[in-house]
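Here the structure comes first, spelled out in structure tokens, and everything after it is commentary.
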Amino acid sequence: MSDRSVLGPLLLGAAVTGATGVCLYLLLSQDKKLNKEEKVSQEPVTLEIWVDSKDLGVLLGRQGSNLREIQSRSNTRIWFLDTNSVSQTKSKFFIRGTQDDVQYAEILIHQTISMQPKLEKCVIKIPKAAESSLLGKQGERKRRLEVKSRCKLEVDKSPLTNADDEISIILRGTKDQIDTGKKLVEQAIQEHLYIFNKVKKNNNQQALSYQQPLFLKYQDQGVDDQDCDISPSIGQEILRSSGSDQLVQVYVSSIADPSRFWVQNVGPSSIELDKLTEEMTQYYSRPENQLFHRLDTVCPGDIVVAVFSGDSSYYRARVMTYNLDEYDTSQSTVDLDFVDYGDCEVKPIAEIYEIRTEYLRLNFQAITCKLARIRPVHGSTSWSDECIDAFEQLSCCALWKPIYAKIINNINNESNGEKSEANNVTLELYTLEGEKNIGEELVKQGFATIVR
């Protein structure tokens, strides 16, 4: 056999082996490149985004529930920077996680904001004689209507839009809120006409006739109320400071005005409240439990369970008023005071449930307070809407951001739930950095004056 016949197959084998080696080398190199890229994509990054301050409440949700859900779904950590000292219109958010997770979290944030209900405006005309009935003394009834409907109610003072015998009422809110507000305003006007005609009838003048009685609360219901079993007194949380400076960290959960707002202690009790809310929500979300605990009637002072509008969680509430519909009891409504937050709302009786004893183990967390050493400007007895808006922003109301409270006069709230100013704890509030006294800030902005 010649040397050429032997070398031929060897050279051919070597060529094939060399080609295979090159291919293996290329595949290994590509695999290493992919692994490197995958490793880089899994490294944590931090993304900064800006959110309009007007959208902050929608993004956070009640007790931060929306933000926690976004973090859970995207496997990221999200926090925001208070930019009130820099910008009144924007808030900076930080998102920490892998690149893909961070991008997904950003998408969820924009979706949450874009899904918020669109705010609308509606103008209705009412008789000028009914203005005082609609507003109530010092605007108290107007504020109750706003709380019940969740829409803003304004009286248009422009002479161009008002006739001699009519005035314009402006409603601002979502479509559902405006619809509710219109019904409440119409009800107030009907009550005004009923009383007006009743007076005329007593004066032997012909009264207007109605096809059905109006929505009135009769005083003779007090006899029935005495037969109700009022709920036993439950402990009320109080403010406690551990240092000589009398400072304590709190959340401002709800605001009526600087003379009446509600705070929660920051610490173990707030954690226990979150756990309690989760337990009640899991239990009362089941239809069979709702049917078992459904109530046909309630009495003022009863402690019950209900869902807060716009939220899927169940909360403890105190019955303030039971509005009986004598023609259809299933349409009766209940005025509720959410004892852990200070919010109030009107709910149908069908959405009110009996509370289990085990859910009364935690003290009521909403502590009624007032700001110390300030009062409305120009000797007024009421606070302006602009002042209330500024106070909400400075105190981070319902944003669940802790601030400092200095106890000036600690009067324990009464267990009957009356929101009397005499029971308010007098406080000075400070930003978390301790740089701003919120009461003094209201004075600087011209919304309040100092009481010496």
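The values are calculated or read from the model by the stated rules, or taken from the named source; none is laboratory data. Because the structure is predicted, anything quoted here is derived from the model rather than measured. Glycine gets a Cβ as well: all are built from the backbone with ideal geometry, and neighbour counts include every protein chain shown.
Tally time: how many residues in region 252-297 are free of Cβ contacts under 8 Å to residues at least 60 places away in the same chain and among the aliphatic types (A, V, I, L, M)?
3
Yes or no, residue by residue, for (1) assigned to a helix (DSSP H, G or I); (2) crowded, with 18+ Cβ neighbours inside 10 Å; (3) modelled with pLDDT of 95 or more:
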position: Cys369; (1), (2), (3): no, yes, yes
position: Ala390; (1), (2), (3): yes, yes, no
position: Gln393; (1), (2), (3): yes, no, no
position: Ile408; (1), (2), (3): no, no, no
position: Glu418; (1), (2), (3): no, no, no
position: Ala422; (1), (2), (3): yes, no, no
position: Gly434; (1), (2), (3): no, no, no
position: Arg452; (1), (2), (3): no, no, no
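Mind checking whether some residue in region 295-316 is among the hydroxyl-bearing types (Ser, Thr, Tyr) and either crowded, with 21+ Cβ neighbours inside 10 Å or at pLDDT 95 or above (or both)?
Scanning region 295-316 turns up at least one residue that is among the hydroxyl-bearing types (Ser, Thr, Tyr) and either crowded, with 21+ Cβ neighbours inside 10 Å or at pLDDT 95 or above (or both).
Contact list please: Cβ distance under 6 Å, first residue in region 312-329 and of a type in the set (Val, Ile, Thr), second residue not in a strand (DSSP E or B), pairs at least six apart or on different chains.
That search, which allows pairs on different chains as well, returns Val319/Val298; Val319/Pro300; Val319/Asp302.
State the number of residues belonging to region 45-83 that are among the basic types (Lys, Arg), touching a residue at least 60 places away in the same chain (Cβ under 8 Å) and over 15 Å from Ala398 (Cβ atoms).
Residues that pass the stated criteria total 0.
Out of region 144-154, which residues are surrounded by fewer than 16 Cβ atoms within 10 Å (Cβ to Cβ) and modelled with pLDDT of 85 or more?
Residue satisfying the conditions is Glu154 alone.
For residues that are out of contact with any helix residue (DSSP H, G or I) (no Cβ under 8 Å at 6 or more places or on another chain) and either surrounded by 15 or more Cβ atoms within 10 Å (Cβ to Cβ) or in contact (Cβ under 8 Å) with a residue 12 or more places away in the chain (or both), tally how many sit in region 236-251.
Here the count works out to 11.
Do any helices (runs of 4 or more DSSP H) lying entirely in region 54-133 carry at least 2 residues that are at pLDDT below 80 and either out of contact with any helix residue (DSSP H, G or I) (no Cβ under 6 Å at 6 or more places or on another chain) or surrounded by 13 or more Cβ atoms within 10 Å (Cβ to Cβ) (or both), and which ones are they?
56-60
Among the numbered criteria (1) in contact with a Pro (Cβ under 6 Å, 6 or more places away or on another chain); (2) modelled with pLDDT under 95, which single criterion is violated by Ser330?
For Ser330, the failing item is (1).
Among the residues of region 399-406, is there at least one that is buried (at least 17 other Cβ atoms within 10 Å of the Cβ), over 27 Å from Val451 (Cβ atoms), assigned by TED's automatic domain parsing to the domain that holds Thr277 and of a type in the set (A, V, I, L, M)?
No, that holds for no residue.
Select from region 236-258 the residues that are within 13 Å of Ser270 (Cα to Cα) and assigned to a loop (DSSP other than H, G, I, E, B) and write down the one among them that is modelled with the lowest pLDDT.
If we take residues in region 236-258 being within 13 Å of Ser270 (Cα to Cα) and assigned to a loop (DSSP other than H, G, I, E, B), then Leu239 is modelled with the lowest pLDDT.
Here's the yes/no breakdown for (1) within 24 Å of Leu239 (Cβ to Cβ); (2) part of a loop (DSSP other than H, G, I, E, B); (3) in contact with a strand residue (DSSP E or B) (Cβ under 6 Å, 6 or more places away or on another chain):
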position	(1), (2), (3)
Leu273	yes, no, no
Leu276	yes, no, no
Tyr283	no, no, no
Asp296	no, yes, no
Pro300	no, yes, yes
Arg318	yes, no, yes
Val334	no, no, yes
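Considering only residues that are at negative phi, out of contact with any strand residue (DSSP E or B) (no Cβ under 7 Å at 6 or more places or on another chain) and assigned to a helix (DSSP H, G or I), which ones fall in region 371-388?
Matches in region 371-388: Asp385, Glu386.
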